[in-house]
Every structure is written in C-alpha cells, then in structure tokens.
Amino acid sequence: MQYQVCPNITCIPAANKEQRLVNMSHAFSLNLPRLRVIPIAQTKSLAIIGGGPTLNDTYKEIANYDVVMSCGSTHDHLTKLGVRSNYHLECDPELMQVKYYQTNKIGCTYLVASRCHSSMFQVLKHKKVILWHMWEEDLTIEPYRGELAIKGAISCVLCALSTALAMGFKDIHFFGFDSSFPDKDNHHAYPSEESAQMLTTRLGDPETGPQFLTTSTWIAQARTFHEMQGAWGHEFKATVHGDSMMAEMQRQMGR
C-alpha cells in the first residue's frame with residue numbers, strides 16, 4: 001500500500017538527488033527493522049506534534065492522548081517541556097538537522113526515513129530506530145529495493161500523518177501545527193531560523209476574515225493538508241489544537 005499526496009502539489013526536495021541517494025544507501029547498510037503497515041484501525045488516539053508557536057500554549061493537553069508522535073526539530077524542545085513521545089519521526093535529509101537532537105528521550109521509538117543523513121543514525125545509534133522510506137518521484141523506484149515507500153509531503157508533520165495512517169491510526173490530534181506566526185520573530189515554539197519572506201493572508205471573507213502572518217511554504221502546507229483531508233477524509237478524523245491559521249481553516253470547513 002502506498003499513500004498518495006493529492007494532485008497539484010509538487011514537493012521539491014531540499015537536498016540534492018545525489019545526497020539523498022547516498023543517504024539511502026547508508027540507511028540500507030544498517031539492517032534496521034522496518035516500519036510495519038497495520039491495515040486494521042487503531043482504536044487509540046494519536047497526538048502529532050509540530051513546532052509551531054502555539055505548541056507552547058497547548059503542550060499540557062498532549063497528555064490527554066494515548067500515543068504521542070513528535071516530529072523533526074521539536075525533539076529537544078519537547079524534552080525541556082517534559083513531554084514524552086512514544087514515537088519521534090524524522091525525514092529531513094540535511095546534516096544540520098542533528099543539532100535538534102542534543103537531549104535524551106527515554107522510552108521513545110524513532111521513525112527515521114532512509115533519506116536522512118548518516119549523522120542522524122549515528123546520533124541515534126543507541127536508540128530504538130525503525131526505518132521507513134519516503135517516496136520521492138525524482139529518485140524512481142530502484143533505490144527502494146522493492147520495499148514499501150510512503151508518499152511524503154511538504155513538511156515533517158504531513159509525513160507523520162501519512163505514516164500514522166499507514167500504522168492504522170484514525171483519531172489524530174495536531175499540536176504546534178500552525179502554518180502561521182503571531183509575529184515575524186516567533187515562527188516556531190523554539191529558536192529556529194526562518195529566512196522565507198513573511199506574507200499576510202486572510203481566511204474566509206476577503207474583507208473581514210481573520211488575518212494571519214505566514215510564508216509561502218506554510219501556505220503550501222495548509223493547502224496540502226486540506227487536499228489530503230479531501231482525498232483521505234474517510235480514513236481519519238483530524239483535530240487541530242491552538243489558535244492558528246490551520247485551526248481556523250478547520251473551523252471554517254466545519255471539521
């Protein structure tokens with residue numbers, strides 16, 4: 001089974017093709033266990049944690065959910081907040097991503113994409129790591145060696161959604177999944193660089209609808225999530241926590 005991203009969204013990889021192929025070759029050499037696809041629906045609720053600014057306002061609610069899957073650069077910040085993760089998903093292929101992995105998570109299983117840099121596997125060598133493959137059309141099918149590949153998307157959180165569906169979760173709650181910022185200096189729940197141009201958007205009525213500060217990347221994330229819901233809406237129920245553009249989109253759509 002291979003989940004598909006909705007049409008009209010083209011994800012351009014951040015790392016060049018050659019580097020991602022090198023990363024994948026290294027990942028295969030490690031003989032790590034693979035992610036298992038579970039066709040039967042999980043009855044447990046799942047919290048998927050992104051790094052948006054509202055995470056700092058809502059993180060205490062995360063304990064209300066059965067299973068927690070944190071994503072990417074949230075790793076160290078969640079440890080400092082005292083939030084424990086059952087799973088932590090990483091799919092960034094860049095070397096610099098390891099800077100977010102300086103703290104120790106106890107009892108966490110790491111879902112690491114084969115496209116990730118070899119340094120990520122080195123940092124996590126004493127942890128429980130499960131390997132999964134993120135499908136990327138520009139690589140063609142050969143590098144996957146006949147193994148399952150899950151269609152990725154524009155952000156780690158959306159990749160986590162695809163992975164969560166493959167794992168059988170249906171009741172999914174999002175935290176720090178904002179696609180917007182309270183101001184130009186606070187674009188994550190923790191210090192993180194943001195070089196993209198800031199944009200102001202309005203949802204709903206073009207004259208009176210609520211305004212949000214965002215970037216083209218996060219607009220694309222919101223659009224992709226909307227299209228994923230349109231394509232897979234019968235497969236899961238999504239709840240977005242926090243006062244953000246993403247949550248407002250859900251409210252206006254009656255979800």
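Things worth noting here:
- Hits in segment 39-68 - residues which are farther than 15 Å from residue 84 by Cβ and in contact with a Lys or Arg (Cβ under 6 Å, 6 or more places away or on another chain): 41
- Residue in segment 205-226 that is in contact with a strand residue (DSSP E or B) (Cβ under 7 Å, 6 or more places away or on another chain), at pLDDT 90 or above, in a strand (DSSP E or B) and within 26 Å of residue 90 (Cβ to Cβ) present: yes
- Matching residues, segment 95-129, being of a type in the set (A, V, I, L, M), crowded, with 16+ Cβ neighbours inside 10 Å and under 19 Å from residue 49 (Cα atoms): 98, 111, 112, 113, 129
- Within segment 59-83, being in contact (Cβ under 8 Å) with a residue 60 or more places away in the chain, within 24 Å of residue 183 (Cβ to Cβ) and surrounded by 20 or more Cβ atoms within 10 Å (Cβ to Cβ) holds for 59, 71, 72, 73, 74, 77.
- Cross-chain or 6+ apart pairs with Cβ under 8 Å, segment 1-30 first and surrounded by 11 or more Cβ atoms within 10 Å (Cβ to Cβ) and among the β-branched types (Val, Ile, Thr), then at pLDDT below 50 and assigned to a loop (DSSP other than H, G, I, E, B): 5/11
- Flag for residue 192 being exposed (fewer than 15 other Cβ atoms within 10 Å of the Cβ), closer than 17 Å to residue 51 by Cα, in contact (Cβ under 8 Å) with a residue 24 or more places away in the chain and among the hydroxyl-bearing types (Ser, Thr, Tyr): yes
The values are calculated or read from the model by the stated rules, or taken from the named source; none is laboratory data. As the structure is a prediction and not an experimental result, all values here were calculated from the model. So basically every Cβ, Gly included, is an ideal-geometry build from the backbone, and we count neighbours across all protein chains shown.
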